[in-house]
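The block underneath contains the structure these notes are about, expressed in structure tokens.
The values are calculated or read from the model by the stated rules, or taken from the named source; none is laboratory data. Nothing here was measured: the structure is a model prediction, and the numbers come from that model. With ideal geometry, Cβ positions are generated from the backbone for all residues, glycine too; neighbour counts draw on all protein chains shown. Heads up: the accessible areas ignore ligands, DNA and RNA and are worked out on the full protein's heavy atoms, side chains in. Shrake-Rupley method; radii C 1.70, N 1.55, O 1.52, S 1.80 Å.
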Amino acid sequence: QVQLVESGGGLVQPGGSLRLSCAASGSIFSIYAMGWYRQAPGKSRELVASITSGGSTNYADSVKGRSTISRDNAKRTGYLQMNSLKPDDTAVYYCNLKSGGRSYWGQGTQVTVSS
């Protein structure tokens, strides 16, 4: 059983920064990909950023240049650093891990960007 626990969400003013963390526990293969998705009210869940086991990254155009995804394999933890946050970034952010042909999701963490 794989569990993902996100943390780091909260209320931030426009222009501010947050760092989200995703800690993985349980039985996962050493090779896995991690990603961050978000879902705003009334909208579909969308990919924000992803990182492969080899460290290759991919970003949605809406966050490119403002966000950095990273991972610490020893800690089995992934991170999403978000800067210059905008009200449009308000959403529930979900961590995703793909390993051994399976996909796992965290419970989500709320990010609210508002003055």
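So here's what we get for this one:
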{"read-out": "Two-site label geometry, ALA74 and GLU46: point separation in nm, points 7 Å out along Cα→Cβ", "value": "3.7"}
{"read-out": "Surface accessible to a 1.4 Å probe, TRP36 within the full protein complex, Å²", "value": "10"}
{"read-out": "Translational diffusion coefficient (Stokes-Einstein; Kirkwood radius from C-alpha pairs) of the chain at 25 °C, 0.890 mPa s, in µm²/s", "value": "174"}
{"read-out": "Carbon + sulfur, % of accessible area of the chain - ligands and nucleic acids excluded, 1.4 Å", "value": "48"}
{"read-out": "Over the stretch 51-94, relative contact order from alpha-carbon pairs under 8 Å, at least 6 apart, %", "value": "28"}
{"read-out": "Whole-number accessible area per residue in Å² for the stretch 12-115, which is evaluated in the context of all protein chains at 1.4 Å", "value": "52"}
{"read-out": "Exposure of ASP88 as accessible area (Å², to 10), given a probe of 1.4 Å and all protein chains", "value": "130"}
{"read-out": "Amide proton proximity set for THR90, modelled H, under 5 Å, gap of 5+", "value": "VAL113"}
{"read-out": "Among GLN81, VAL5, GLY42 the positive-end extreme of the charge dipole of the chain (Cβ point charges)", "value": "VAL5"}
{"read-out": "Cα-projected label distance for SER84 with ARG102, points at 7 Å along beta-carbon direction, nm", "value": "4.0"}
{"read-out": "Neighbour cut-off at most 16 other Cβ (10 Å), DSSP loop, trypsin sites (Lys or Arg not before Pro), the stretch 1-89", "value": "LYS43, ARG45, LYS64, ARG66, LYS75"}
{"read-out": "Solvent-accessible area of LEU4 with every protein chain in place, 1.4 Å probe, in Å² to the nearest 10", "value": "10"}
{"read-out": "Translational diffusion of the stretch 13-55, µm² s⁻¹ [Kirkwood Rh, Cα pairs; Stokes-Einstein; 4 °C; 1.567 mPa s]", "value": "99"}
{"read-out": "Per residue Cα convex hull volume in Å³ - calculated over the stretch 53-115", "value": "110"}
{"read-out": "Relative contact order (%) - criterion: Cα under 8 Å, at least six apart; region: the chain", "value": "37"}
{"read-out": "Mean separation of Cα contacts under 8 Å, 6 or more apart, over the residue count of the stretch 19-70: relative contact order %", "value": "25"}
{"read-out": "Fully extended contour minus Cα-Cα distance, from SER53 to VAL5, at 0.36 nm per residue", "value": "15.4 nm"}
